[in-house]
Each structure stands twice: as C-alpha cells, then as structure tokens.
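The values are calculated or read from the model by the stated rules, or taken from the named source; none is laboratory data. Model, not experiment: these values are computed from the prediction. Heads up, the Cβs are rebuilt from the backbone with ideal geometry, glycines too, and the neighbour counts pull from every protein chain shown.
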Amino acid sequence: MCDIVADACKRCCRKSLNKTCFPVAHNDILPDGTPCIQGFCNKGVCEKTIQDVVERFWDIIEDININNVLGFLRDNIVGVVVLSTAFIWIPASC
C-alpha cells in the first residue's frame, strides 16, 4: 500500500525503512476489498468508507450469540474468575 492517496491501491516498495514508498514499475493494482489509507480499494481507487459509532456497535451486537459468549468466557477463564470473585467479595466486605 502506498502512502500517497492517488497511489493508495497500488503495490509500493521503499528502498529502506526511512524512505518514501513508490509504486512498483508495472503498477500492480491491489485487489478489490483491500484496505487502503481512506478505506478500501475498489477497481484501483481508494474509496473512503464512513462508519459511525452506532453502526459499528450494532455490527458487534448482531454477531453475539450464546456460543460466542461461552467461547469468550472459556478463553478468558482467569478474568471471569477474578471478576466474579470481586463481585462477591467487595459487597460482602462492606
């Protein structure tokens, strides 16, 4: 991905770490759907995508089901035990 917006959907290289990117000689265009500077590539053009906060949270909420929740709890068992212990211990100590 190039640093310049006009070349954002072209394959770029840099000669060293601190040099600027430049498109390769044969202008290799990235496939559609590839992330670019402003959004995603579509037919060789970087199209800006606008996604508000509500839409982003709604996408997360739509994907929630019991299997995802149980999988998350299994993957984070230590955090679940610490939080559940804190929920019981802190009110009981007051």
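Here are a few things to note about the model shown:
- Criterion: assigned by TED's automatic domain parsing to the domain that holds residue 4, surrounded by 10 or more Cβ atoms within 10 Å (Cβ to Cβ) and in contact with an Asp or Glu (Cβ under 7 Å, 6 or more places away or on another chain) - qualifying residue of 41, 46, 36: 41
- Scanning region 26-65 for residues that are on the phi > 0 side of the Ramachandran plot and in contact with a Phe, Trp or Tyr (Cβ under 7 Å, 6 or more places away or on another chain) turns up just one, 33.
- Subset of region 22-33 [under 13 Å from residue 7 (Cβ atoms) and either modelled with pLDDT of 85 or more or surrounded by 15 or more Cβ atoms within 10 Å (Cβ to Cβ) (or both)]: 22, 23, 29, 30
- A single member of 72, 57 is under 22 Å from the mean Cα position of the chain (by Cα), in a helix (DSSP H, G or I), without any contact (Cβ under 8 Å) to a residue 60 or more places away in the chain and surrounded by 11 or more Cβ atoms within 10 Å (Cβ to Cβ), and it is 72.
- Test result for residue 88, part of a loop (DSSP other than H, G, I, E, B), at pLDDT 85 or above and more than 17 Å from the chain's Cα centre (by Cα): no
- Residues of region 60-69 satisfying the condition of being outside any helix (DSSP H, G or I) and either touching a residue at least 40 places away in the same chain (Cβ under 8 Å) or over 20 Å from the mean Cα position of the chain (by Cα) (or both): 65
Here is a yes/no grid of residues against (1) within 23 Å of residue 2 (Cβ to Cβ); (2) at pLDDT below 85:
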{"site": "42", "(1), (2)": "yes, no"}
{"site": "47", "(1), (2)": "yes, no"}
{"site": "53", "(1), (2)": "no, yes"}
{"site": "59", "(1), (2)": "no, yes"}
{"site": "69", "(1), (2)": "no, no"}
{"site": "72", "(1), (2)": "no, no"}
{"site": "76", "(1), (2)": "no, no"}
{"site": "81", "(1), (2)": "no, no"}
